Amino acid sequence: MELASAASADVTWPSWVLVVAAVLVPGLLLAGPALRSRYPGAWWLLCGFPAVAFRVVQTWRPLMAGCGLAVSRRPALTVVSGLVGKGAPPPQPRVPRRGLIRPTSGGFVLLVRLLPGQVPEHFVKAAPAMAESWQVHAVRVTSWKPGIVRIVASAVDPLADPQVPKQRGPGHLLRVTVGALETGAAWVIDLRRVPHWLIVGATRSGKSTLINALVAGLAPQPVALVGIDCKGGMELSLYEPRLSALATNREQAVRLLTALVDLTLDRMSLCRAAHVRSIWGLPDKERPIPVVVIVDEIAELFLVASRNEKDEAHAAGTALIRLAQLGAALGVFLVVAGQRVGSDLGPGVTALRAQLGGRVCHRVADPGTAEMALGDLNPDALKAAQAIAPEQAGTAVLASGDGWERARSYLITEADAEAVAAEYAHLTPALSELHVEP
Ligand SMILES: Nc1ncnc2c1ncn2[C@@H]1O[C@H](COP(=O)(O)OP(=O)(O)OP(=O)(O)O)[C@@H](O)[C@H]1O
Ligand SMILES: [Mg+2]
């Protein structure tokens with residue numbers, strides 16, 4: 001009796017698996033495209049990842065051999081095996097040992113143990129070949145521990161269409177997620193960590209869109225926003241309800257910048273009296289509100305046609321440099337955008353640039369601007385900036401002390417930014433000392 005039931009279980013078990021597979025596979029094939037667009041995370045885990053993991057396992061040995069990462073067995077061993085095996089094929093070359101392939105959101109990661117004589121750079125060189133064989137967007141290799149490298153693959157291009165995440169609450173003070181990095185991580189602008197920013201790019205490369213994303217993130221926070229837009233206020237006047245002050249020509253800009261320098265000096269006296277080195281050392285109740293100064297089109301401040309304008313441009317430049325020098329500790333932050341930031345705009349620009357530690361370089365029209373923005377970094381960063389195509393607007397190369405990376409801002413349209421500014425207009429701090437007469 002028991003034998004009979006065991007036998008029937010033997011018969012039914014594989015047939016059940018076949019039935020389930022027969023339902024599941026066409027179901028997934030049919031529902032795949034819809035699942036992919038609606039629930040990309042679930043699609044990746046159920047369909048994309050298993051297929052790619054299978055490909056990695058299948059191609060591992062030939063790929064390692066093809067990239068010169070396999071090590072042949074010692075010749076003596078080959079000879080011995082030939083004798084013992086009586087003509088059997090010689091032992092296969094050793095390939096680096098691969099760890100478990102673990103899925104990530106939109107990719108996978110695996111650790112690989114190096115063979116003797118190998119260094120991580122050998123694997124870094126093989127990364128493009130890995131991406132081709134596994135049919136993924138990109139593969140990055142980093143050293144994990146001595147003797148072990150970490151391979152991170154992204155299945156799709158995280159910069160193709162980064163989606164604004166659902167934001168809960170105003171978030172951390174002065175920290176805004178403005179887009180996605182090439183690694184798939186969030187692109188965060190944290191003004192407390194890097195207080196001043198230079199954003200460059202040719203016309204329609206995405207500068208204002210990035211500023212929209214930054215303003216949309218800062219608007220719900222307890223900060224004052226100040227605009228300087230000498231293109232007649234065409235760009236920044238969108239956010240006017242949320243701006244504590246806006247200058248739309250150079251004369252107003254000089255007055256506003258002078259007022260900002262005075263405000264900074266007042267804050268310095270406050271800190272000195274309290275024996276603290278920055279406003280962050282003051283008690284919460286006494287701390288003055290952080291001020292973020294946004295300048296769209298820096299060239300408009302510096303370009304001069306007449307002698308009178310020269311004095312104005314000089315005054316604006318000097319005030320900006322002072323703000324940059326003193327501001328960070330006193331809660332005044334600068335975000336400066338421009339199409340062209342060359343030394344031909346005057347010596348002030350070069351001095352200002354040196355103070356703006358955060359650099360974002362969108363598509364540029366001239367290599368000089370990329371050089372000004374990215375400095376004497378790795379030449380690959382300059383090449384990457386110049387390779388950005390016009391249809392990839394919003395894509396930029398970010399430079400910081402520890403290297404460079406590609407990123408793309410979220411597409412926050414003017415209408416979105418305008419709506420956010422209106423929604424949080426009630427949070428606009430009244431800084432009467434910054435009011436510039438029209
Ligand atoms: N992150 C992005 N993703 C998708 N499209 C973008 C992105 N950023 C910008 N764009 C597209 O590029 C267009 C121009 O962008 P934007 O107005 O930000 O350029 P800009 O650099 O400020 O140009 P200008 O110097 O003329 O003011 C936008 O209207 C939008 O269609
Ligand atoms: Mg613009």
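Observations on the structure shown:
- Test: residue in the stretch 176-192 that is within 16 Å of ligand 1 (Cβ to nearest atom), among the hydrophobic types (A, V, I, L, M, F, W, C), part of a helix (DSSP H, G or I) and in the same structural domain as L246 (by TED's automatic domain parsing): no
- Filter result (crowded, with 16+ Cβ neighbours inside 10 Å, of a type in the set (A, V, I, L, M, F, W, C) and in a strand (DSSP E or B)) within the stretch 145-166: V149, I151, V152, A153
- In the stretch 239-251, the condition of being within 15 Å of ligand 2 (Cβ to nearest atom), over 25 Å from A305 (Cβ atoms) and in a helix (DSSP H, G or I) is met by at least one residue.
- Failed item, numbered, when A393 is tested on (1) within 12 Å of ligand 1 (Cβ to nearest atom); (2) over 20 Å from A186 (Cα atoms); (3) not acidic (D, E): (2)
- Residue within the stretch 218-236 that is within 10 Å of ligand 1 (Cβ to nearest atom) and in a helix (DSSP H, G or I) present: no
- Residue within the stretch 127-135 that is exposed (fewer than 15 other Cβ atoms within 10 Å of the Cβ), in contact with a strand residue (DSSP E or B) (Cβ under 8 Å, 6 or more places away or on another chain), of a type outside the set (K, R) and not assigned by TED's automatic domain parsing to the domain that holds G179 present: yes
- Filter result for R175 (touching a Leu at 6+ places or on another chain (Cβ under 9 Å) and either free of Cβ contacts under 8 Å to residues at least 12 places away in the same chain or under 27 Å from V109 (Cβ atoms) (or both)): yes
- Test set (1) buried (at least 21 other Cβ atoms within 10 Å of the Cβ); (2) touching a Ser or Thr at 6+ places or on another chain (Cβ under 8 Å); (3) within 25 Å of A393 (Cβ to Cβ) - Y239 fails condition number: (2)
- Count - residues of the stretch 389-403 that are within 16 Å of ligand 2 (Cβ to nearest atom) and surrounded by 14 or more Cβ atoms within 10 Å (Cβ to Cβ): 4
- Residue within the stretch 288-299 that is part of a helix (DSSP H, G or I) and assigned by TED's automatic domain parsing to the domain that holds L323 present: yes
- Boolean, V56 is assigned to a helix (DSSP H, G or I), β-branched (V, I, T), surrounded by 11 or more Cβ atoms within 10 Å (Cβ to Cβ) and modelled with pLDDT of 85 or more: yes
- Filtering the stretch 302-355 to residues that are of a type in the set (S, T, Y), in a helix (DSSP H, G or I) and either within 16 Å of ligand 1 (Cβ to nearest atom) or modelled with pLDDT under 90 (or both) leaves S343, T350.
- Selection count where residues are near ligand 1 (Cβ under 9 Å from one of its atoms) and surrounded by fewer than 22 Cβ atoms within 10 Å (Cβ to Cβ), scope the stretch 193-207: 3
- Residue list for the stretch 188-208, restricted to those being away from ligand 2 (no atom under 16 Å from the Cβ) and touching a Phe, Trp or Tyr at 6+ places or on another chain (Cβ under 9 Å): I189, L191, R192, P195, H196
- Of the residues in the stretch 255-267, not one is assigned to a strand (DSSP E or B) and either away from ligand 1 (no atom under 16 Å from the Cβ) or touching a Cys at 6+ places or on another chain (Cβ under 8 Å) (or both).
- Given (1) more than 20 Å from L225 (Cα to Cα); (2) modelled with pLDDT of 90 or more; (3) not in a helix (DSSP H, G or I), number of the condition A365 does not satisfy: (2)
- Taken together, the criteria place V276 among residues that are outside any helix (DSSP H, G or I), β-branched (V, I, T) and without any contact (Cβ under 8 Å) to a residue 40 or more places away in the chain.
- The condition (being over 23 Å from T318 (Cβ atoms) and either in contact with an Asp or Glu (Cβ under 6 Å, 6 or more places away or on another chain) or in contact (Cβ under 8 Å) with a residue 40 or more places away in the chain (or both)) is satisfied by just one residue among I228, I199, I189: I189.
- Condition met for E433 (surrounded by fewer than 13 Cβ atoms within 10 Å (Cβ to Cβ) and assigned to a helix (DSSP H, G or I)): yes
- Of the residues in the stretch 267-284, at least one is under 21 Å from H435 (Cα atoms) and in the same structural domain as T428 (by TED's automatic domain parsing).
- Condition met for I211 (among the β-branched types (V, I, T) and within 13 Å of ligand 2 (Cβ to nearest atom)): yes
- A Cβ distance below 6 Å, combined with a sequence gap of six or more or placement on separate chains, defines the contacts here; from the stretch 404-425, residues that are under 16 Å from S237 (Cβ atoms) and within 14 Å of ligand 2 (Cβ to nearest atom) reach no residue that is in a loop (DSSP other than H, G, I, E, B) and acidic (D, E).
The values are calculated or read from the model by the stated rules, or taken from the named source; none is laboratory data. Here the structure is a predicted model, which means the values were calculated and not measured. We place every Cβ from the backbone using ideal geometry, glycine too, and count neighbours over all the protein chains shown.
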